[in-house]
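This report refers to the structure that appears directly beneath it.
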Amino acid sequence: MNKYLSILLTPVLLIFLTNCSTQKTSTEENIAEQSTYPKVSFEQPPNILWLVTEDLSPYLASFGDSTVYKYTPNLNRLTEEGITFTNTYSPSGVCAPSRFAIATGMYPSSMGGNHMRTTGNSYFDELGIIPYDVVTPPGVKMMSEILREHGYYTSNNAKNDYQFHATKTAWDENGRDAHYKHRAEGQPFFAIFNFEVTHESRIWVKAEDSLYIPEDLEVPIPPYLPDTEVAVKDIRRMYSNIVEMDVQIGEKIKELEEAGLLDNTIIFWYGDHGGPLPRQKRLLYDSGMQLPLIIRFPDGTQANTLDDRLISFIDFAPTTFSLAGIKPPDYLQGQAFLGEYTAKPRKYVHGAADRFDGKYDMIRAVRDKRFKYLKNFKPDQPYYLPVTYREQMPIMQELLRLNKEGKLNEIQSQWFRQTKDEEELFDCDNDPYELHNLANDPKYADKLAELRTECERWMKATDDKGFMPEKELIESFWPNMMQPVTAQASYQIANNELNLSVATEGASIGYQFVEPGTEPTDKWQVYTKAVSIPENKNIYLITDRIGYAPSEPVKVDLNEN
């Protein structure tokens, strides 16, 4: 038994079934009835490693798709040694709002982070808006900063894209060279590594590269896509990218093993939202919201099991705190699903879709374990919205060509209909591709009313910002379209200790000790209590808050009394 792990677990689910089909099926019949869920405690804070892959639906055997099972030994290993969570969802179908939810534990639509990439792109001029950072309420911090406050070394390699710029106190290291190996000896770490090879862009960027799978591998074609040579080629590329990602995951696991860290590190492997293909990413169908999640505990605790609880990205922050033995802050909108502070299982997960690049829409989603409800607030607007970036993908070009020529069948042409139903209801067990709207079927009237009521409740409870025009939203964050700046830190020196404060509500303070004659770096320690003043060092201070511009660094005058 790992010395850092005391097991308080009881088996929740059945052993993973290795003979998975390529079709997505319900796991309810395979899940044991259980009133309690995994809880763990640690004698010392555990290391926590997040391996994050982009634009990935659950295309693995443990989720029902065995297409590349024999080519993904490292993901198979994680499955065999970990817990597969089969009902995990992002509150958005695209990366920036999804990462906002992960980084803060808050719904993007609640905080005004619901539009795709607020920090700027080429379409902003035509929209008449400016690049901006979402300003969260006072006290909301990036989860990595809270972990730092509790002694963790935090590193992010390397994607940010949070709808705001990472605060100066968020990470010990943030960039392409960031790595947990740079921490102090014995210090627990929280580290993220991001894998871009599965991103939608890699379907066209890597189109002529060699495949990591056989050239003639038979691949499943979703019914909403055409079964053409172009489609098959792009889908093969998608699966090949998954296999290439598997190799990269294996390298990170090997690093842990060689450093002697595998037996005291919790590994999260997950996708940042749904898949890269047309009618997947950016939508609130399961193909856009659902993602794979596997968590491996040291010593294979609860290895080879399935867990079908509903999980949202806003649950990742409180769960990470819970595993680290940290009480989740009260402001978080998510709940822990593992660790000391595990909450009761969710009944619903929620999602929102608004602006994507230069096109606006407004859709809200509620899902329970079986049914999905969608509320379309712009029903007179087509479902398909042109996204120039996505149109670089050959299969997207193929779809547009076939649609123009009238050669798509009824299912394939659904996405291109010119109007939307105001409400949609899908039985995701029996209609996993969400093709048959049941909202007008009297047999489902009670379920429709239930999920409609839940959608309205959630939007009101979270103060949904979707109805606010984006220009007004920006003004609410940045009055007169000017980014607020955090006040400089104030300090007092007493008994050879430095006491710090800042006038900006909710701002964090960073400090660093610098050799005389040198300038401060961008690596700031988080101030939590009085700091002992070292000899022969200069001290610099900085302040920052999510959405604000940081203060200029201030040098402490050590001659002050």
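The values are calculated or read from the model by the stated rules, or taken from the named source; none is laboratory data. Not measured: the values here are computed from a predicted model. Every residue, glycine among them, receives a Cβ derived from its backbone with ideal geometry; neighbour counts consider all protein chains shown.
Of the candidates Gly64, Gly82, Gly93, Gly112, the single residue that is touching a Lys or Arg at 6+ places or on another chain (Cβ under 7 Å) and closer than 19 Å to Ile253 by Cβ is Gly82.
Checked against the criterion of being in a loop (DSSP other than H, G, I, E, B) and touching a helix residue (DSSP H, G or I) at 6+ places or on another chain (Cβ under 7 Å), the candidates Glu410, Glu398, Glu434 yield just one match: Glu434. Residues being touching a strand residue (DSSP E or B) at 6+ places or on another chain (Cβ under 8 Å) and of a type in the set (Ser, Thr, Tyr) are represented in segment 339-351 by at least one member. When restricted to residues that are hydrophobic (A, V, I, L, M, F, W, C) and assigned to a helix (DSSP H, G or I), segment 116-129 contains 2. Within the span defined as segment 274-288, one or more residues are at positive phi, of a type in the set (D, E, K, R) and within 18 Å of the chain's Cα centre (by Cα). Please specify each residue of segment 79-130 satisfying the condition of being under 23 Å from Leu284 (Cα atoms) and hydrophobic (A, V, I, L, M, F, W, C). Answer for segment 79-130, where residues must be under 23 Å from Leu284 (Cα atoms) and hydrophobic (A, V, I, L, M, F, W, C): Phe85, Val94, Cys95, Ala96, Phe100, Ala101, Ile102, Ala103, Met106, Met111, Met116. Set side by side, the residues Lys159, Lys252, Lys206 differ, and just one is at pLDDT below 95 and either under 20 Å from the mean Cα position of the chain (by Cα) or over 29 Å from Asp354 (Cβ atoms) (or both), which is Lys159. Any residue at all in segment 29-50 that's surrounded by fewer than 23 Cβ atoms within 10 Å (Cβ to Cβ), closer than 17 Å to Met289 by Cα and at pLDDT 95 or above? The answer is no; no qualifying residue exists. Filtering segment 447-469 for residues that are part of a loop (DSSP other than H, G, I, E, B), loosely packed, with under 15 Cβ neighbours inside 10 Å and over 30 Å from the mean Cα position of the chain (by Cα) leaves an empty set.
Pull up segment 434-446, narrow it to residues that are more than 23 Å from Lys378 (Cβ to Cβ) and of a type outside the set (A, V, I, L, M, F, W, C), then point me to the one that is surrounded by the most Cβ atoms within 10 Å (Cβ to Cβ). Out of the qualifying residues, it is Tyr444. When the residues of segment 487-521 are filtered to those that are among the aliphatic types (A, V, I, L, M) and not in a strand (DSSP E or B), the one that is nearest to the chain's Cα centre (by Cα) is Ala507.
Taking segment 66-115 as the region of interest, the helices (runs of 4 or more DSSP H) fully inside it that hold 2 or more residues being closer than 23 Å to Thr320 by Cβ, under 11 Å from the mean Cα position of the chain (by Cα) and modelled with pLDDT of 95 or more are 95-104. Report whether or not Ala178 is under 26 Å from Gly325 (Cβ atoms) and surrounded by 15 or more Cβ atoms within 10 Å (Cβ to Cβ). Taking the combined requirement at face value, the residue satisfies it.
Yes/no matrix, rows are residues, columns are (1) touching an Asp or Glu at 6+ places or on another chain (Cβ under 7 Å); (2) part of a strand (DSSP E or B); (3) not β-branched (Val, Ile, Thr):
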residue: Gly325; (1), (2), (3): yes, no, yes
residue: Asp330; (1), (2), (3): no, no, yes
residue: Glu340; (1), (2), (3): no, no, yes
residue: Lys347; (1), (2), (3): yes, no, yes
residue: His350; (1), (2), (3): no, yes, yes
residue: Asp361; (1), (2), (3): yes, no, yes
residue: Val366; (1), (2), (3): yes, yes, no
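Considered as a group, the residues in segment 470-486 that are of a type in the set (A, V, I, L, M, F, W, C) and not in a helix (DSSP H, G or I) include one that is nearest to Ser110 (Cα to Cα), and that residue is Trp478. When residues in segment 209-246 are screened for being in a helix (DSSP H, G or I) and exposed (fewer than 15 other Cβ atoms within 10 Å of the Cβ), 1 of them pass.
Here Thr419 meets the list (1) part of a loop (DSSP other than H, G, I, E, B); (2) touching a Lys or Arg at 6+ places or on another chain (Cβ under 8 Å) almost entirely, failing just condition (2).
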